[in-house]
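Inspection log for the structure reproduced underneath, given as structure tokens.
The values are calculated or read from the model by the stated rules, or taken from the named source; none is laboratory data. The shown structure was predicted, so the numbers you read here are calculated from the model rather than taken from an experiment. As a convention, Cβ positions derive from the backbone with ideal geometry for all residues, glycine included, and neighbour counts pool all protein chains shown. Note: accessible area is taken over every heavy atom of the protein model, side chains too, but ligands, DNA and RNA are not part of it. Shrake-Rupley method; radii C 1.70, N 1.55, O 1.52, S 1.80 Å.
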Amino acid sequence: MRWAIFVVGLMFFSLGISVTINVQHLGIHPWDVLNVGLYEKYGFTIGTWNIVCGIILVIISYILDKRYIKLGTFLNALLVGSFVDLFLWLDFLPGAAHTWVDVVILLIGIIFMGFGGGMYNAAGVGSGPRDGFMLSISDKTGFPIRRVRIVTETSVLLIGLLLGGPVFIFTFLFTFIQSPLFQYFFLKISALLNHMEKPSDENKKAKSAG
């Protein structure tokens, strides 16, 4: 069940990325600014660059601290980019209208990302490559996770901007909107999973006692 929730969470997260990319003129998440910038500069696809960056981060995290690398971390690095390319290729998502509607579309994308991120993390089968990277850096340097996140995402944003990635007002608001949604859904889904698994654990204990 946890693996099914993990995959569904990745799909929602990837769908949210794809939705925001379609209205990128309003600004997108710093990591996606980098992926779009690499795509604009060197070709391939946005999803491909997502996978490349994810694998590089997994390798660095593995070298620094293996604790944060699980099977789910590798699958995250591969599947998110694949799903993003699939959703963009299917071309069923709303495009930019360059009106106030684009703000609504972007907010929906952010909600999907917060929901999907909370869901796949609640599954507990491995953190994302970016989260694992920042956690391992924090452990090695002793800096607070929040500071590491700020420095990392600011650096990624600057590189993406230099490559021609889309940066606008929502790029700077992204974390403030998505993070509370992520936390809310993570706690709710984690509690639901624990509640659903409790009867199963009690049955196992009863059988072993009998």
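Spelling out what I want: for every residue of segment 175-190, take phi, set θ = phi - 60°, compute 6.51 cos²θ - 1.76 cosθ + 1.60 (Karplus), and round to whole Hz; glycine and proline get x.
Using θ = phi - 60°, the values come out as 4, 5, 8, 6, 4, x, 5, 4, 4, 4, 5, 4, 5, 5, 6, 4 Hz.
By the gyration tensor of its Cα atoms, with a ≥ b ≥ c the square roots of the eigenvalues, what is the shape of segment 26-144: rounded for a/c under 1.5, prolate for a/b over b/c, or oblate?
prolate
Restricting to lysines 8 or more places apart or on different chains, can you count the pairs in the chain with Cα atoms under 22 Å from each other?
4
Treating the Cα atoms of segment 93-189 as identical point scatterers in vacuum, please give the log10 of the normalised Debye intensity I(q)/I(0) at q = 0.15, 0.24 Å⁻¹, two decimals.
With one equal scatterer per Cα and no solvent, log10 I(q)/I(0) is -0.76, -1.33.
Once each part is reduced to its C-alpha centroid, what is the distance from segment 131-161 to segment 36-90 in angstrom?
17
Across segment 139-156, in residue order, what do the Karplus-derived ³J(HN,Hα) couplings come to in whole Hz, using 6.51 cos²θ - 1.76 cosθ + 1.60 with θ = phi - 60° and x for Gly and Pro?
5, 6, 8, x, 6, x, 4, 4, 5, 4, 4, 4, 5, 5, 5, 5, 5, 4
Arrange the residues Phe174, Phe186, Phe83 by how much accessible surface each exposes, largest first, with a 1.4 angstrom probe.
Phe186, Phe83, Phe174
Label segment 138-181 by shape, choosing from rounded, prolate and oblate, from the square roots a ≥ b ≥ c of the eigenvalues of the Cα gyration tensor; if a/c is under 1.5 it is rounded, and otherwise prolate applies when a/b is larger than b/c, oblate when it is not.
Verdict is oblate for segment 138-181.
Rounded to the nearest 20 debye, what is the charge dipole size of the chain about its Cα centre when +1 sits on each Lys and Arg Cβ and -1 on each Asp and Glu Cβ?
800
For segment 68-81, take each phi angle, set θ = phi - 60°, evaluate the Karplus expression 6.51 cos²θ - 1.76 cosθ + 1.60, and give the result in whole Hz per residue in order, putting x for glycine and proline.
8, 10, 10, 4, x, 5, 5, 5, 4, 4, 8, 7, 4, x
Rounded to the nearest 500 deg cm²/dmol, what is the calculated helix-only ellipticity per residue at 222 nm for the chain, with -39500 (n - 2.57) per DSSP H run of length n ≥ 4?
Taken over the chain, the calculation gives -27500 deg cm²/dmol.
Can you give the Rg/Rh ratio of segment 68-129, where Rg is from the C-alpha atoms and Rh is the Kirkwood radius?
1.07
Quick one: among Val104, Val80, Val52, which has the greatest mean-square fluctuation in a GNM of the chain with alpha-carbon springs under 10 angstrom?
Result for the chain, Cα springs under 10 Å: Val104 fluctuates most.
Given that just one value was derived from the coordinates, which of (i) 1.01; (ii) 0.95; (iii) 1.08 is Rg/Rh (Cα atoms, Kirkwood Rh)?
Given (i) 1.01; (ii) 0.95; (iii) 1.08, the structure-derived one carries the label (i).
Could you grab the relative contact order for segment 1-151? Cα pairs under 8 Å, six or more apart, rounded to a whole percent. Display every interim value, and only then the final one.
On the way: 206 pairs, mean separation 63.4, N = 151.
Computed over segment 1-151, the figure is 42 percent.
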